[in-house]
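To start, the structure under review is shown below, and the notes come after it.
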Amino acid sequence: MAYAPTANIQPQVISAKSEQKYTSACAGVQTTHRDADLETASLRPPARGPGPMCISDLDACATLSRFQPLNSLVLQAYATPKVKARAGPNASNSAPLKGWTKEALAANKKHPLSERLLASGIGLGDTSADYARWRSSVVKTQIVSSQLSDDVIKYIGPSLDKHKGCDIVDLNPGAGLWSQKLHEYLQPRSHLLVEPAWDKYGEFLQPLLDKPDSKYEHVKIDPCDFNALETLPQYLRHQKQSLKGDARPPQPNDSILITGGLIWDPQLPGYGLSSMARQVLLRLTEFAQARKIMHTFGPARMLFWTSTEEMRYFLARSPNAMGRLDFLVKRAADLTEVVTSAHTSRGAGKILATRAPRYEFESVIKAMERGRNQGMELPPHRRGPIHEFAEDLARLSNGTRILGSIDIQTYLKEQELLGKDTAGLLSEYFRNFFHKEADVGVDNYRSVTQSEVRLMDQEARAKRKEFTLSLANSKKMEKEFQLRDDLADAAENIYLKEVEILTTTDDKSKDSLIKELDKMKKAFQARLKMLSPKPLRTQVATDIDDRLNLRMPGRRIPWDLRPYEPLVMQPNEVWPSNRVSLFDIQPFPAVQYKTSANEDGDMADYLNDFIHGLMSGQAAVNKSLPEALDDVANGLSELVDTIPILKDPSKGGRYDMEAFKVKFLTPEMVEAVF
């Protein structure tokens, strides 16, 4: 017998027969919506109306185990993804999932470890629809490049020095190359190798244990098993618990460093969550705030390798990609991407989509300047084309870092025609068109008379017609670029006028400024209403959000405040070849919230629930703050005028709360509202 709560969190008995139906209904369900992911990962009860919980409510799945024991079969049903296992070398399935080809598994002679891993066949299991066996067909991507590891340690070495002689907790060390490099640099007093698959990776890790006076110790715990992780503190024998009754918030504990690999290919689903990597990262960050497991002795720094795509859920690169998940994490920790992958073709969807090139470059130029001021210059072999372009544009802008969209488009066109890689900066449409334009020659195209066109064969006329349409579309899009820039300029001027109002103390002058603001807003709204079609209106809104985020003070998008540019890795530096990132998480000291009713009460859980209600989806983060607050509780918007930080321009506040979107809230603002 198993128990599950109804939607209003009342326990409900599930019979064996119902269990079977649940299993059948849930098997194969997988969600990629980041807000659904968040509900499950944060393990908070969802706010829903009365009635039994529907099996499709994936955002409630992970709450099940909090209230009543749950049969593993039901949990398995929630966790099973709708995906075929990739076929291993011994699989009998005649139609293996596309991906595990010889090319995908190819080793690189520059990285001998990849050849050893390939020869051992590590991680490749039999094809099966069964969840437990499906997991065995997932490959844990391994760092195989000594150069990559060396470059990372050299790049962030000064910030690692404070951890020398510490205790290292190493989750999923796998083949152990990164583990050894980090060990050699930090010379820890203990190094826990938390590797559950010793039968696969023992041949790589055992020599580390066998060294004279070895500081390594194997701990056979699955990092994905949060209950088992609770036993880890007993292995940290050098650590001491803080004194009972100490009311001071725990400070970061530099004597522990947590690291490891959370890269599974294909993506390993979590328990009621589409990604185990994201679930582990979120839970470990929450544990830092709650002082649990490895963070029992104080919040500890974490360095985790993940896939680059997983990184985007935690470190949004644009306000358009923001969600509750990255907000909760940035509230709890400082996040920095140390290693990243090269740009790829511009994608679609709020996670993969990139911002307009002009804002991408503005962010990169600022990050390179911050890094240079710290003595952190990107090595030539760890730079991407975007860094060369950014330095050129910084010079062309005379130090302002600001160029118009058409100017940048023209520059990127020149670079593309010179054979340089503009993937991820120019759309594929423009990349193809610019080459066609160069091949045809616009002057030659225009010099052809209609009589000559009529004499062309059918294929030549078809190509000419296609080019004519592309040329017209290109000109139309260039006009749209200028329009988008003009409207973003207007929106920024409105914001600057608001700052002027908020910083003016003379009442007469303030009244005059408010009248000017009203005129500016009316003119701006009139121009917005004339925009068509809808995608253009969306692009304008996105541009405005990007512009204001880059110009306003406050910690909204940690990516735009990064202290340096991440190193660029190559896919063949890991095995199997993949796009990966190194994620540096430095938890903030936990804030204790007290109440008059219970002096020892901690309000952190209630604050998280408030954030869930405030940011209940992509539509919510685009709402004005007053509207979103009223959605949480009627009349709550009346509070905005009583909270100083919301109208403090030095903290990112605004005069007009109707123009203040939820996505522009900083963690400090949310705590003030709460």
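The values are calculated or read from the model by the stated rules, or taken from the named source; none is laboratory data. Owing to the predicted nature of the structure, the values given are computational and were not obtained by experimental measurement. Reconstructed Cβ throughout: ideal geometry from the backbone, glycine too, with neighbour counts over all protein chains shown.
Taking every residue in the stretch 640-652 that is closer than 15 Å to E498 by Cα and outside the structural domain of N549 (by TED's automatic domain parsing) and pairing it with any residue that is surrounded by 13 or more Cβ atoms within 10 Å (Cβ to Cβ) and hydroxyl-bearing (S, T, Y), at least 6 positions away or on another chain, the pairs with Cβ-Cβ distances below 6 Å are G652/T666. Report, by residue number, each residue of the stretch 275-309 that is closer than 21 Å to V138 by Cα, out of contact with any Gly (no Cβ under 9 Å at 6 or more places or on another chain) and either free of Cβ contacts under 8 Å to residues at least 40 places away in the same chain or surrounded by fewer than 24 Cβ atoms within 10 Å (Cβ to Cβ) (or both). Answer for the stretch 275-309, where residues must be closer than 21 Å to V138 by Cα, out of contact with any Gly (no Cβ under 9 Å at 6 or more places or on another chain) and either free of Cβ contacts under 8 Å to residues at least 40 places away in the same chain or surrounded by fewer than 24 Cβ atoms within 10 Å (Cβ to Cβ) (or both): S307, T308, E309. Only residues that are assigned to a helix (DSSP H, G or I) and within 22 Å of the chain's Cα centre (by Cα) were counted in the stretch 509-560, giving 16. Among the residues of the stretch 628-659, those that are hydroxyl-bearing (S, T, Y) and buried (at least 18 other Cβ atoms within 10 Å of the Cβ) comprise S637, Y655.
Only residues that are touching a residue at least 12 places away in the same chain (Cβ under 8 Å), exposed (fewer than 15 other Cβ atoms within 10 Å of the Cβ) and closer than 27 Å to D407 by Cβ were counted in the stretch 487-523, giving 2.
Only residues that are assigned to a loop (DSSP other than H, G, I, E, B), surrounded by 13 or more Cβ atoms within 10 Å (Cβ to Cβ) and not small (G, A, S) were counted in the stretch 188-220, giving 5.
In the condition set (1) surrounded by fewer than 20 Cβ atoms within 10 Å (Cβ to Cβ); (2) modelled with pLDDT under 90, H612 is compliant with all but (1). Among the residues of the stretch 152-169, the one identified as surrounded by fewer than 20 Cβ atoms within 10 Å (Cβ to Cβ), in contact with a Lys or Arg (Cβ under 7 Å, 6 or more places away or on another chain) and not in a loop (DSSP other than H, G, I, E, B) is I153. Of all residues in the stretch 352-375, those being within 29 Å of Y313 (Cβ to Cβ) and surrounded by fewer than 17 Cβ atoms within 10 Å (Cβ to Cβ) number 5.
For the stretch 383-402, name all the residues that are surrounded by fewer than 20 Cβ atoms within 10 Å (Cβ to Cβ) and either at negative phi or not assigned by TED's automatic domain parsing to the domain that holds E478 (or both).
Answer for the stretch 383-402, where residues must be surrounded by fewer than 20 Cβ atoms within 10 Å (Cβ to Cβ) and either at negative phi or not assigned by TED's automatic domain parsing to the domain that holds E478 (or both): R383, P385, H387, E388, E391, D392, R395, L396, S397, T400, I402.
Considering the stretch 404-424 alone, what residues qualify as being within 27 Å of the chain's Cα centre (by Cα), surrounded by fewer than 20 Cβ atoms within 10 Å (Cβ to Cβ) and aliphatic (A, V, I, L, M)? Scanning the stretch 404-424 gives a single hit, A423.
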